[in-house]
Amino acid sequence: MSQARLSDGSAGDVDYGKIGGTYSHYRRPEPAIALQIRRALGDAKTVLNVGAGAGSYEPTDCDVTAVEPSAAMRAQRPSHLAVAIDAVAESLPFEDDSFDASMASVTVHQWSNLEKGLAEMRRVTRGPVVLLVCDPAMMMDYWLSDYIPQVREIEARRFPPLKRIEAALGGTVTVEPVPIPLECADGFNEAYYGRPEAFLEEGARLACSSWSLVPQSVVQQFVDRLSQDLASGQWDKQYGHWRSRPFYEGPLRLVIAEAE
């Protein structure tokens, strides 16, 4: 990852000032995932949310401090959440042991230095460090890979291997699968496993940053093919069983690192 921040302050490989304008509309917290994260935070009273974005999964029963480098993301935070601080994971502006727990939700792949960012989270946190991540080894096990493998390949390259995350965190680390419900409210790519029509919406695609890293000609070919296959019934003939799966246990993982 580049160390340079982009036009709106975004610190990763995409400029959320350009693609993130409707992010909060599509990326709403899924209650089942929120509950799993809240349980992992334990009895924390003060929580740091790193790469907080528009505020998904921040517990409302804690005193939350949010850090988010993108101005576009900070502007979309709802009024009942704390105003986010403009900072990056690799240089957190807090004293040692400032928080009971810390969290980062689907953001570590945007950091310029994973090990430094996780070391900073550990430095400022007395208790658990909780990360919602994707396992790149599981990325291709999904029908979307048959239609536009470039998106999944990009995501697999961007997300760090779980072993690297565990090694950087040190201590006692637990990794939990995160089942995704059929009507998942959070519009990441796997959320639409049984609702393929959603991928025909440009806003839904751009709410997953990997789509912006694929040539638009390739994306248009995907849209044309999926549209045709849905209209003809070909998608349902081959993949229709996905529509009735109550949960999909894909690459989403919750990493919980306890304090030593």
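Listed values, structure above:
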| quantity | calculated |
| --- | --- |
| Hey, GLU260 out of contact with any helix residue (DSSP H, G or I) (no Cβ under 6 Å at 6 or more places or on another chain), under 30 Å from LEU41 (Cα atoms), at pLDDT 95 or above and not in a helix (DSSP H, G or I) or not | no |
| Filter result for LEU118 (under 18 Å from the mean Cα position of the chain (by Cα) and more than 29 Å from ARG205 (Cβ to Cβ)) | yes |
| Selection within segment 184-214 - assigned to a loop (DSSP other than H, G, I, E, B), touching a residue at least 12 places away in the same chain (Cβ under 8 Å) and not β-branched (Val, Ile, Thr) | CYS184, ALA185, GLY187, PHE188, TYR193, GLY194, ARG195, ALA207, CYS208 |
| Enumeration of residues in segment 78-91 that are surrounded by 23 or more Cβ atoms within 10 Å (Cβ to Cβ) and either over 17 Å from the mean Cα position of the chain (by Cα) or part of a loop (DSSP other than H, G, I, E, B) (or both) | ALA84, VAL88 |
| Subset of segment 71-101 (residues that are hydroxyl-bearing (Ser, Thr, Tyr) and at pLDDT below 95) | SER79 |
| Hits in segment 179-197 - residues which are surrounded by 20 or more Cβ atoms within 10 Å (Cβ to Cβ) and among the aliphatic types (A, V, I, L, M) | ILE180, ALA191 |
| Lone qualifier among ALA54, ALA32, ALA104 - being crowded, with 18+ Cβ neighbours inside 10 Å, under 27 Å from GLU258 (Cα atoms), hydrophobic (A, V, I, L, M, F, W, C) and at pLDDT 90 or above | ALA104 |
| Test: residue in segment 208-229 that is under 23 Å from GLU58 (Cα atoms), of a type in the set (Val, Ile, Thr) and surrounded by 14 or more Cβ atoms within 10 Å (Cβ to Cβ) | no |
| Among (1) surrounded by fewer than 19 Cβ atoms within 10 Å (Cβ to Cβ); (2) part of a helix (DSSP H, G or I); (3) charged (D, E, K, R) - the single one GLU155 does not satisfy | (1) |
| ALA52 closer than 20 Å to ALA191 by Cβ, assigned to a loop (DSSP other than H, G, I, E, B) and in contact with a helix residue (DSSP H, G or I) (Cβ under 8 Å, 6 or more places away or on another chain) | yes |
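The values are calculated or read from the model by the stated rules, or taken from the named source; none is laboratory data. Everything quoted here is computed from the prediction, not taken from an experiment. Glycine also receives a Cβ, built like all others from the backbone with ideal geometry; neighbour counts cover every protein chain displayed.
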